[in-house]
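> I'd like to ask you about the structure that follows.
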2 protein chains.
Amino acid sequence: MPVEQPIVLATALAAFREAIGDANVRVEPHSLESASTATFATTARILAILKPSSRHDVQRCVAIAARFVIRIYVVSSGRNWGYGSRVPVVSDSVLIDLSALNQIIAIDEDLGWVTIEPGVTQRQLFEYLKGRRSRLWIDATGSSPDTSVIGNAMERGFGHTPYGDHAANLCGLEVVLPNGDLLETGMARFADAHAAPVYKWGLGPSLDGLFTQSNLGIVTRATVWLMPEPEHFQAFFFRCDTADDLVSVVDALRPLRLDGTVKSAIHIANSYKVIAGLIQYPWHETNGATPLTPEIMSAFRAKLNFGEWNGSGGLYGTRAQVAEARRLIRVRLKGKVARITFLDERLFRIASRYSALFGLLSRWNISRALDLARPVFGLLKGVPTERPLAAAYWRKRNPPPVDMDPDRDRCGLMWCAPVAPTDGEHARKIAEISAETILKHRFEPLLSFTMITERALICVISLTWDRDVAGEDQNARVCFEELQDQLLKAGYPPYRLGIQAMNLIDTDPGYIGLLQALKSWTDPAGILAPGRYLPL
Amino acid sequence: MPVEQPIVLATALAAFREAIGDANVRVEPHSLESASTATFATTARILAILKPSSRHDVQRCVAIAARFVIRIYVVSSGRNWGYGSRVPVVSDSVLIDLSALNQIIAIDEDLGWVTIEPGVTQRQLFEYLKGRRSRLWIDATGSSPDTSVIGNAMERGFGHTPYGDHAANLCGLEVVLPNGDLLETGMARFADAHAAPVYKWGLGPSLDGLFTQSNLGIVTRATVWLMPEPEHFQAFFFRCDTADDLVSVVDALRPLRLDGTVKSAIHIANSYKVIAGLIQYPWHETNGATPLTPEIMSAFRAKLNFGEWNGSGGLYGTRAQVAEARRLIRVRLKGKVARITFLDERLFRIASRYSALFGLLSRWNISRALDLARPVFGLLKGVPTERPLAAAYWRKRNPPPVDMDPDRDRCGLMWCAPVAPTDGEHARKIAEISAETILKHRFEPLLSFTMITERALICVISLTWDRDVAGEDQNARVCFEELQDQLLKAGYPPYRLGIQAMNLIDTDPGYIGLLQALKSWTDPAGILAPGRYLPL
């Protein structure tokens, strides 16, 4: 158990300073307070922030923490917004910030992989590839360009391209265990194994899965697979004007996802999700009343011109492959959507240039449509964007600043993300439960469904509020718990948990027993992220 | 440690009999001897064979084994030919044969999955789908129709269609642990989780990988993902007449595999592999001399009309998708192969009917070519075949019987299967090492490269001999060890191990330490398959 005697902490801090340098051990109150602030109410106290510069530094820090039995909590870039940001699950932890482990170690253009450290961000990797005129694309999340690539994969986050399932597209983890061991997953433990960056299974039991959504070890390096740029790329956008269309659209797209015609994730956002990306809460038009009822939402939807459901996806390949995919999408979606648009680079540029003219010639507000489409168009080709983050400011009274930071700006944000089969009825049910529960608590149901694999979809539900409004933190918490409970009862557990919801993991004695045995081995002192995806 | 006192065994056997019925506990010497016979020399003694009929039976057997500290070794269908068949790694084990756990539990035609028990064979699943006019395909290995689907996936075996990486295409394992626990991987531990058969990660650390190539638990159920039948299917076959062509062919096909134009595994066999599928060793033409030197091989190749390298793969999709893939393959392989042929169902039927006529009209022996193509054509659409098994009889003096059983028929067979990136130079190096080492020991290098994922290839090297020839078991063993050693030194560890090569697993203290800690938890008595993919 962590020792809270100040003298122990002081001795440990001296050891940390000796190990990684004074400047990399921070204890200033404002830093600690900032690091212990998330997008919802938290109580965990952070004792110090360590910033190791190398894997050896990490090992030294872990050894010291084990010696003094100091709890440690590890973040890569610390942008786990909506799930707890940098805040540890339990109080009195030392935060280890891996952002200085930001080396891009190796790359193979032909085989499409890059070996990186956890501090490497989406932006850094994107710029690096651009700088060397690489023909490889990254897959970016819709969170922030400054998100860690490995950090997101370890949380099993996802993006938009065919490489959207991040944990499925990496291998060869280098892991520092709190017990002092270092291990590499896959083939790397065999000397000079050429297959190490390309073959994930290794030989014998395969361990990669253990270190995702886990507190068993600290990943200090991994190889990420990258998609070769296709000859041709086209994005598709569709909208449905009736809520029920969701069912037939999901069912219509399922076979295309299953047979590989659409390789990208397909993203379907409801009207609330779209409006929160375009404007802030219309306080003026609603006379300050919340929530934005479905009726008012409809009026805005008509005015701002988007659908009840708004879908997007990417097509990749030769011109002929893309053309055939386009034909198949048109056939499958015929009669099920109000509008479908295909955009490639050229069309996108032209439309952007002449958007005002288009607006004059048609009733369709193309400038607004392009505004909506731009970040998604980019994400579908792996261009990171800050745009979706603005939705965290939905209920704020001031507009999002240039350097958005939802933690600092007291944006309320909690994500609940149930998984279901790619089946229209399941999607409808999740949408229904969400809308009903969230509106009842006077928040807005911001939903997006992502057809993430051939067979599964994940619904990301953003609960958004203004933390500066008294009582709202508590209201949101109650709403979140009811929502999660309803979804779970209906058979839709989440794919991922925030620090406030880790109790959900504790369900099955066989599963938990095995993990706890493993935890006793990798972390006998119980110092690494206690409570994270494993009951205390 | 296992107790070998006869009295303990007798008491345990009585308990087994009471638990699962007299008829399901076999101790007749001929059964035990047959079960302890593989395709190479083994020494492990089997004490009894248990045939549980249900998961509960399995749990009862495991509990009894734990109580009496009796080692158990588990097989699904027992056809792990070339890797040890049914023979345990260590002696004095009780064999648990899961073949009676052969229920097909659930199926979903729309989402493409089936939940099955480990006794379900490729043939059974294939017939089941045919019987219900399903539009779902299985992915079959080139081993035997009577191979267990789950057993093969747990060994991380592979097949030929886009679902060729078997371990990657299943989820939701139900696992009996020797400690008495039962666990389910993925989402199934949450009540009524609809995503359980479609989403593999679950919530929290993901365990699936732990139970592949493993002795940590007994998988008694899993959900296997199945490919929906495409609108159109076409197989492609190509041959190269120069050994060096391997390099440029692999490099030319890599981008097509990476960008998804070719979704199936691509299979490239050398001339030795092909001839062993067509005829037995030409004892007459060689006057009994071994090995079949490259010079004699060349003469046979010219006579029987196949290439130094003989490739195949499948194209799936709409007619337009298949046509575009065909065009791209032609472009990429132009000038790199001596011949390329595309065959669909219709062409295949016509060619089969008029093969004699074709033969008269051209110098190309189409009947022989079709003979070669037929089983591969089937495998590419998930039709299991016994054909490749005949190659195990290559060095025998008698032809393969109708009911082939390489164990019984004393066929010598050992597989060595190194992994490498999909890169021509690596393929060439593996081919070179194999040919040199194997010919030196007077066997033939039967090789096939499979481009199994977007980035990795596996070379399956079959070492084949006649166990009835005195000294050959030992010669093969020496050859195998030298071969494996050479490949490992060159940086090509294998993807899978036979029971005779389990020592290879023991390389890294971090990896082994973690697994041993896990083993102590799941199997405190150390009864389950000791030595299997984990040092004793």
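The values are calculated or read from the model by the stated rules, or taken from the named source; none is laboratory data. Keep in mind it's a predicted model, so treat the numbers as computed, not measured. Neighbour counts are summed over all protein chains in view; Cβ atoms, including those assigned to glycine, are modelled from backbone coordinates with ideal geometry. Just so you know, the surface numbers come from the protein's heavy atoms only, side chains and all, with ligands and any DNA or RNA stripped out. Shrake-Rupley method; radii C 1.70, N 1.55, O 1.52, S 1.80 Å.
> So if I place +1 on the C-beta of Lys and Arg and -1 on the C-beta of Asp and Glu, and nothing else carries charge, what would the dipole magnitude of chain A be about its Cα centre? I want it in debye, nearest 20.
Values: 58 positive and 57 negative charges, 300 e Å.
Once rounded to the nearest 20, the dipole reads 1440 debye.
> For segment A:104-228, what is the accessible area per residue in Å² when the probe is 1.4 Å?
Accessible area per residue: 26 Å².
> Further question on the same structure: Which value, in debye to the nearest 20, gives the size of the charge dipole of the protein assembly as shown about its Cα centre, when Lys and Arg are +1 and Asp and Glu are -1 at the Cβ?
Approximately 2860 debye in magnitude.
> Another one. Averaged over B:503-514, how many beta carbons belonging to a partner chain fall within 10 Å of each residue's beta carbon?
Values: counts 0, 3, 4, 1, 5, 7, 4, 12, 12, 3, 6, 13.
If you average over the peptide's residues, the count of other-chain Cβ atoms is 6.
> Something else now. Quick one: compute the contact order of chain A, relative version, from alpha carbon pairs under 8 angstrom and 6+ residues apart, as a percent.
It comes to 18 percent, rounded to a whole number.
> A further question on this structure: Between B:Arg17 and B:Ser298, what length in nm is gained on full extension when 0.36 nm per residue of separation is reduced by their alpha carbon distance?
So the chain would gain 95.4 nm between B:Arg17 and B:Ser298.
> If you put a point 7 Å past Cα along the Cβ direction, how far is that point for A:Arg397 from the same point in each other copy, in nm, smallest first?
Nearest to farthest, the other copies are at 9.9 nm.
> Just checking the output field for A:448-455: average partner chain Cβ neighbours within 10 Å of each residue's Cβ?
Average per residue, whole number: 3.
> Sticking with this one: Enumerate by residue number the trypsin sites (Lys or Arg not before Pro) in segment B:1-72 meeting two conditions: DSSP loop (anything except H, G, I, E, B), and at most 15 other Cβ atoms within 10 Å of the site's Cβ.
Here the trypsin sites (Lys or Arg not before Pro) that fit, given the DSSP loop and packing criteria, are B:Arg45.
> Please report the projected area of segment A:196-272's Cα convex hull averaged over all directions, in nm².
In nm², the orientation-averaged hull projection of segment A:196-272 is 9.3.
> Just to be sure I understand the interface: list residues from segment B:191-220 that lose 30 Å² or more of accessible area between the chain on its own and the complete protein assembly, 1.4 Å probe.
Listed by number, the residues meeting the 30 Å² cut-off are B:His194, B:Ala195, B:Val198, B:Tyr199, B:Trp201, B:Leu203, B:Gly204, B:Pro205, B:Ser206, B:Leu207, B:Gly209, B:Leu210.
> At 222 nm, what value in deg cm²/dmol follows for chain B if DSSP H runs of at least 4 each add -39500 (n - 2.57) and the sum is divided by all its residues, to the nearest 500?
Calculated from helices alone, the mean residue ellipticity at 222 nm is -10500 deg cm²/dmol.
> A further question follows. Total accessible area buried between chains A and B, 1.4 Å probe, in Å² to the nearest 100?
Result for this pair: about 6800 Å² buried.
> What ranking, highest mean first, results for peptides A:339-347, A:72-80 when packing means the other Cβ atoms within 10 Å averaged over each residue?
The most tightly packed comes first, giving A:72-80, A:339-347.
> How long, wide and thick is segment A:1-76, going by the Cα atoms along their three principal axes, in whole angstroms, largest first?
That gives 33, 27, 19 Å along the principal axes, largest extent first.
> Bin width 20 Å, origin at 0, all Cα-Cα pairs of chain B: what percent of pairs per bin?
21, 55, 22, 1
> Using +1 at the Cβ of each Lys and Arg and -1 at the Cβ of each Asp and Glu in segment A:232-489, identify which of A:Val274, A:Thr318, A:Pro401 lies farthest towards the dipole's positive end.
Toward the positive end, the furthest listed residue is A:Thr318.
> Then there is this: Report, to the nearest whole %, how much of the accessible area of the protein assembly as shown belongs to carbon and sulfur atoms, 1.4 Å probe, protein only. Intermediate results must be reported in sequence, preceding the final value.
Values: 20150 of 38860 Å².
Carbon and sulfur atoms account for 52 percent of the accessible area of the protein assembly as shown.
> Here is a further query. Would you be so kind as to identify which of B:Tyr163, B:Leu216, B:Gly180 lies farthest towards the positive end of the dipole of segment B:104-228, taking Lys and Arg as +1 and Asp and Glu as -1 on Cβ and the Cα centre as origin?
In segment B:104-228, that residue is B:Tyr163.
> Pairs of Cα atoms under 8 Å, at least six residues apart: use those to get the relative contact order of segment A:139-182, whole percent.
Numbers: 37 pairs, mean separation 13.9, N = 44.
About 32 percent, as a whole number.
> Partner chain Cβ atoms within 10 Å, averaged over the residues of A:257-267 - can you pull that number for me?
3
> What percent of all Cα-Cα pairs in the protein assembly as shown falls into each 20 Å bin, going from 0 up to the bin containing the maximum distance?
Spelled out bin by bin, the protein assembly as shown gives 12, 42, 35, 10, 1 percent.
> Moving on. Quick one: net charge of B:Asp181's neighbours, Cβ under 14 Å, K/R +1, D/E -1?
-1
> What size of dipole, in debye to the nearest 20, comes out for segment B:54-209 about its Cα centre when the only charges are +1 on Lys and Arg C-beta atoms and -1 on Asp and Glu C-beta atoms?
260
> Calculate how many DSSP beta bridges within segment B:31-128 are antiparallel, expressed in % of all such bridges and rounded to the nearest 5.
Around 30 percent of the beta bridges assigned by DSSP in segment B:31-128 are antiparallel ones.
> Write down Rg/Rh for segment A:232-489, rounded to two decimals, with Rg from the C-alpha atoms and Rh from the Kirkwood relation over Cα pairs.
Answer for segment A:232-489: 0.96.
> Which net charge results for the neighbourhood of B:Ala235, defined as the other residues with beta-carbon distances under 10 angstrom from its beta-carbon, given Lys and Arg at +1 and Asp and Glu at -1?
Combined, the nearby Lys, Arg, Asp and Glu give -1.
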